[in-house]
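The values are calculated or read from the model by the stated rules, or taken from the named source; none is laboratory data. Predicted, not measured: the structure shown is a model, and the values here were computed from it. Note that each Cβ is placed from the backbone with ideal geometry, even for glycine, and that neighbours are counted across all protein chains shown. Accessible surface is based on the protein model in full, side chains and every heavy atom, while ligands, DNA and RNA are left aside. Shrake-Rupley method; radii C 1.70, N 1.55, O 1.52, S 1.80 Å.
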Amino acid sequence: MPLVGFFKNKTKLPKYLKEHHFTFVERPFHDAVSDILKWGWSQWWPKDSPVQYTLTGSGPEEIGPGRSCQMVMTGKFLKSIWSGEVIQLKGHLLQIEWKSGMMIGQEFVIAEERSNGTRVDHRVRYTGSNLVGRFLWLLFFRKKYHECILQAMDALKTGIGNFEKDMTHGPEGGEING
């Protein structure tokens, strides 16, 4: 078989890589949504995670549309930096567009009300900003990123998911006689 024919029949890598993770938080939607949508900037985000989010540029330390941000992922020898902008933060959706760095694309955090809590979806659609960046991502960072997001989902469940009503007090905060 000629060499050209050999490469012709191989499958191509998809243009965009996609990640999807979800979890369920046993906490009412209206109590949980603001903490969920703070995502990497929240109190529940693992402090020891190799993936850390920061706000960049001037302005108040708040997340909001038009706000510049970075995601930094540290490895043993390399560091992956994604720079972008918060596109949307309202209702039940956080959307970030990553415009430069090793990878470019979009990240979504979606909170949906359920009858017994809140479903949280994390979706990322990205590609390498160049061939070298894509190769390095696939070789060194993709698996670690996946593990970090799973760690964050667990932290989300334990950080804000353990919402239980105090059973020693009534609805107005008075003692329950018993």
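Could you run through the range 47-58 and say how many residues are closer than 18 Å to T158 by Cβ and either outside any strand (DSSP E or B) or open to solvent by 70 Å² or more (accessible area, probe 1.4 Å) (or both)?
Let us first name the residues in the range 47-58 that are closer than 18 Å to T158 by Cβ, namely 47-49, 51.
Those left that are additionally either outside any strand (DSSP E or B) or open to solvent by 70 Å² or more (accessible area, probe 1.4 Å) (or both): 47-49.
Residues that pass the stated criteria total 3.
I110 - would you say it is at pLDDT 95 or above and either within 14 Å of M153 (Cβ to Cβ) or open to solvent by 50 Å² or more (accessible area, probe 1.4 Å) (or both)? Criteria met by I110.
Among the residues of the range 148-159, is any modelled with pLDDT of 90 or more, open to solvent by 30 Å² or more (accessible area, probe 1.4 Å) and aliphatic (A, V, I, L, M)? Yes, the range 148-159 contains a residue that is modelled with pLDDT of 90 or more, open to solvent by 30 Å² or more (accessible area, probe 1.4 Å) and aliphatic (A, V, I, L, M).
Quick one: in the range 91-126, which of the residues that are touching a helix residue (DSSP H, G or I) at 6+ places or on another chain (Cβ under 7 Å) and not in a loop (DSSP other than H, G, I, E, B) is farthest from Q70 (Cα to Cα)? Give the steps one after another, and end with the answer.
Here is the first cut: in the range 91-126, the ones touching a helix residue (DSSP H, G or I) at 6+ places or on another chain (Cβ under 7 Å) are 92, 94, 102-103, 109, 111, 113, 118, 120, 122.
Those still in the list that are not in a loop (DSSP other than H, G, I, E, B) too: 94, 103, 109, 111, 113, 118, 120, 122.
Working: L94: 15, M103: 12, V109: 16, A111: 22, E113: 29, T118: 27, V120: 22, H122: 17 Å.
The selected residue is E113.
Looking only at the range 84-100, residues that are buried (at least 17 other Cβ atoms within 10 Å of the Cβ) and touching a Gly at 6+ places or on another chain (Cβ under 9 Å) come to 5 in all.
The set of residues in the range 25-46 that are closer than 30 Å to T127 by Cβ and either of a type outside the set (V, I, T) or surrounded by fewer than 16 Cβ atoms within 10 Å (Cβ to Cβ) (or both) comprises L37, K38, W39, G40, W41, S42, W44, W45, P46.
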